[in-house]
1. Please verify whether Leu7 is free of Cβ contacts under 8 Å to residues at least 12 places away in the same chain and in the same structural domain as Val83 (by TED's automatic domain parsing), treating the condition exactly as stated.
2. How many residues, within segment 209-243, are crowded, with 19+ Cβ neighbours inside 10 Å and in contact with a Phe, Trp or Tyr (Cβ under 7 Å, 6 or more places away or on another chain)?
3. Looking at Arg304, is it more than 23 Å from Gln17 (Cα to Cα) and over 17 Å from the mean Cα position of the chain (by Cα)?
4. Considering only segment 1-112, give the helices (runs of 4 or more DSSP H) lying wholly within it that have at least 2 residues that are of a type in the set (Val, Ile, Thr) and modelled with pLDDT under 95.
5. Among the residues that make up segment 141-162, is at least one of them free of Cβ contacts under 8 Å to residues at least 60 places away in the same chain, part of a helix (DSSP H, G or I) and of a type outside the set (A, V, I, L, M, F, W, C)?
6. I'd like to verify a number: residues in segment 94-128 that are of a type in the set (Gly, Ala, Ser) and surrounded by 12 or more Cβ atoms within 10 Å (Cβ to Cβ), how many?
7. Being within 20 Å of Glu153 (Cβ to Cβ) and assigned by TED's automatic domain parsing to the domain that holds Ser12 is the requirement here; does Gly262 meet it?
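The values are calculated or read from the model by the stated rules, or taken from the named source; none is laboratory data. Just so it is clear, the model here is predicted, and its values are computed rather than measured. Here the Cβ positions follow ideal geometry from the backbone for every residue, glycine too, while neighbour counts run over all protein chains shown.
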Amino acid sequence: MIELVFLGTAASAPSIQRGLPSQMVIYEGERFLVDCGEGTQRQILRSGLGFRRLQHVLLTHGHLDHILGLGGLISTFARWEAVDRIEIFGGRWALERVNDLLFRVVLRGARPPAPIDLVAIQPGLLMDSETFEVSAFPVTHRGPGCYGYLFREKSRRPFLPEKAEALGVPAGPERRQLVNGKPAILPDGRVIRPDDVLGPERPGISMAITGDVARVDTLVEAVQGVDLLVCEATYLQKDVDMARHFGHLTVDEAAWLAREAGIRQLVLTHLSQRYRIGEMLDEARAIFGETVVARDFDHFKVTRQRIELLNEELQDDVAMAELTVDAPAYVE
């Protein structure tokens, strides 16, 4: 299971209902904070997630609405000693801005609360464990070194307990060996091989987060077949010229990407205050039906069986109730 919690879903400036961009991805106790807009630490507290084990920060790019929250977060870590180490991944330009923010403004020569590693990334694999991997893919936005992130559970062959039972494989180390792909020797001398008790290989679940992006034709392969795609959708099609000017997507372009890549569920984020949620859903679902618009604190659980939004029953009410407000023209 992969979990995703939206901590901020606004574009450029916060609103009463929405904080600046940030998401938490959780897999078997590992936590990954994707972007850290201003106010993210308060959103983490409001969500109930807390700061423990929050050691991996993945930055999509270096615009201020995606990184300014790191100053407050690191300052809080200095007082609470919440983590042992902090790794911040991103493009070189983003990390240059983070370095200035943390070491010239926040810490100013003081000792960091924990070792802070600024890890400049390239497209490809970033983190790899026995069951899970995180990789980066390049996206087009404004400025160099912009990335999206792919979280993927590795393929595996399921253990078939009924077959193990029929062969007399006892619970314990023998079964663990077989699950790990190694033959097991039973007390009676028989050798049981993994093929005897493992089913056909099945792919793991996956999730992709694009960050801010100006074009989708280059992303179809990168997000092909993912279970959950989180994609920015700052503008409606009627404002496509503005989208081009600021390097962002329209809602229908995000929906096109979801359809062409064959994903299961599309979640739209990085939302302008100028539109109603209902407008965005109408435009997106005309192209890709399995679309929702993210709200702060939406909590998704992705399994092979289903993609569950824990507060799904509120979606339609919010779509009808949220009002259009005047929004600034400039959007990062």
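1. no
2. Of the residues in segment 209-243, 7 are crowded, with 19+ Cβ neighbours inside 10 Å and in contact with a Phe, Trp or Tyr (Cβ under 7 Å, 6 or more places away or on another chain).
3. yes
4. Where helices (runs of 4 or more DSSP H) fall fully within segment 1-112 and carry at least 2 residues being of a type in the set (Val, Ile, Thr) and modelled with pLDDT under 95, they are 69-80.
5. yes
6. 3
7. For Gly262, the condition - within 20 Å of Glu153 (Cβ to Cβ) and assigned by TED's automatic domain parsing to the domain that holds Ser12 - is met.
Quick grid of which residues meet (1) assigned by TED's automatic domain parsing to the domain that holds Arg152; (2) closer than 30 Å to Pro203 by Cβ; (3) under 24 Å from the mean Cα position of the chain (by Cα):
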site	(1), (2), (3)
Ala94	yes, no, yes
Val98	yes, no, yes
Gly109	yes, no, no
Pro112	yes, no, no
Asp117	yes, no, yes
Pro123	yes, yes, yes
Glu130	yes, yes, yes
Ala136	yes, yes, yes
